[in-house]
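Notes for the one structure printed next.
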């Protein structure tokens, strides 16, 4: 696990040359990448959402495409389309921007539900079907979607099925005053993104992704995950709780976070650190609770405080490492 930790630290340090003072959020983004998951970044404009996506793709040497979601965007503008070639008398597939390794879906909630749904198959099945023909997306494949939680005019809320396909939801937030001064100083002449170089090759990334899957998860930790997710479904203020995909994503994210810390086993604290980011966006709060301003993230924190951690079996401390 030491090699995964060292390689991850190189990527994090490189991204942090651009994204100042957001160490936890950068680590979380890397967790999603190692788990082959997708990220939803929900925050106000101008806090570095696009820069995080660009810095991550440059650090690992991936192809990067940005899709600006607007109400008139069509599904074919995302996935691509088949065009008839007069010379060959055959239809040819012209790939859309989704056929990149890191895809930034900017302001995803501004597109119509029909266009949003064009991402569903790509995100889950790693392919796009156009005119009955399936075209695989490249590997690795990471979708980073952004949305503004403040401005709702002219937007379409993401459906539950779409939200469930995002492994993590992150919020960057405003930088502290001292960090904002550093940002102003660093961008005095040119943007740091222009000088960012690749620090990890794709073969190494694939090896890291394979290594993360081998991280040991004790039965007691797996049971703790299931109890947390079950508690979200049974909560009095929740209309729809986290799905089994939420449990699986929490399990995999725990493996990735353990590897970033140089461990080859998952501990309950890993799950606690990840629970809000993995489960919060999957909960639908009852309308009466919404009127009382009950927050899904607050429900997850409440569940974390109430659900007990079972003692791990002896294998977690003896045979695991």
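Quick look at the numbers
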| quantity | calculated |
| --- | --- |
| Output for segment 138-188, where each listed residue is assigned to a strand (DSSP E or B) and over 12 Å from residue 47 (Cβ atoms) | 142, 143, 144, 145, 147, 168, 169 |
| Test for residue 258: is it in contact with a strand residue (DSSP E or B) (Cβ under 6 Å, 6 or more places away or on another chain) and at pLDDT 90 or above | no |
| Options 296, 312, 308, 268; residue that is at pLDDT below 90 and under 22 Å from the mean Cα position of the chain (by Cα) | 296 |
| Counted residues, segment 219-237 - those being farther than 16 Å from residue 282 by Cβ and touching a strand residue (DSSP E or B) at 6+ places or on another chain (Cβ under 7 Å) | 0 |
| Positions within segment 42-63 being over 25 Å from residue 156 (Cβ atoms) and not in a helix (DSSP H, G or I), in sequence order | 60, 61, 62, 63 |
| Residue identified as surrounded by fewer than 17 Cβ atoms within 10 Å (Cβ to Cβ) and either at pLDDT below 90 or outside the structural domain of residue 147 (by TED's automatic domain parsing) (or both) among 46, 80, 96 | 46 |
| Yes/no for residue 147 being assigned by TED's automatic domain parsing to the domain that holds residue 203, at pLDDT 90 or above and either in contact with a strand residue (DSSP E or B) (Cβ under 9 Å, 6 or more places away or on another chain) or closer than 30 Å to residue 21 by Cβ (or both) | no |
| Qualifying positions in segment 110-137 - more than 18 Å from residue 64 (Cβ to Cβ) and assigned to a loop (DSSP other than H, G, I, E, B) | 111, 112, 117, 131, 132 |
| Conditions (1) surrounded by 15 or more Cβ atoms within 10 Å (Cβ to Cβ); (2) closer than 20 Å to residue 164 by Cβ; number of the one not met by residue 270 | (2) |
| Helices (runs of 4 or more DSSP H) wholly inside segment 200-307 that include at least 1 residues being under 18 Å from residue 36 (Cα atoms) | 202-212, 244-260, 268-279 |
| Of all residues in segment 49-63 being surrounded by fewer than 20 Cβ atoms within 10 Å (Cβ to Cβ) and closer than 15 Å to residue 143 by Cβ, the one that is modelled with the lowest pLDDT | 50 |
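Per-residue answers, yes or no, for (1) buried (at least 24 other Cβ atoms within 10 Å of the Cβ); (2) touching a strand residue (DSSP E or B) at 6+ places or on another chain (Cβ under 6 Å); (3) part of a helix (DSSP H, G or I); (4) at negative phi:
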{"site": "6", "(1), (2), (3), (4)": "no, no, yes, yes"}
{"site": "9", "(1), (2), (3), (4)": "no, no, yes, yes"}
{"site": "13", "(1), (2), (3), (4)": "no, no, yes, yes"}
{"site": "19", "(1), (2), (3), (4)": "yes, no, no, yes"}
{"site": "27", "(1), (2), (3), (4)": "no, no, yes, yes"}
{"site": "32", "(1), (2), (3), (4)": "yes, yes, yes, yes"}
{"site": "36", "(1), (2), (3), (4)": "no, no, no, no"}
{"site": "40", "(1), (2), (3), (4)": "yes, yes, no, yes"}
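The values are calculated or read from the model by the stated rules, or taken from the named source; none is laboratory data. Remember, predicted model here, so these are calculated numbers, not experimental data. Every residue, glycine among them, receives a Cβ derived from its backbone with ideal geometry; neighbour counts consider all protein chains shown.
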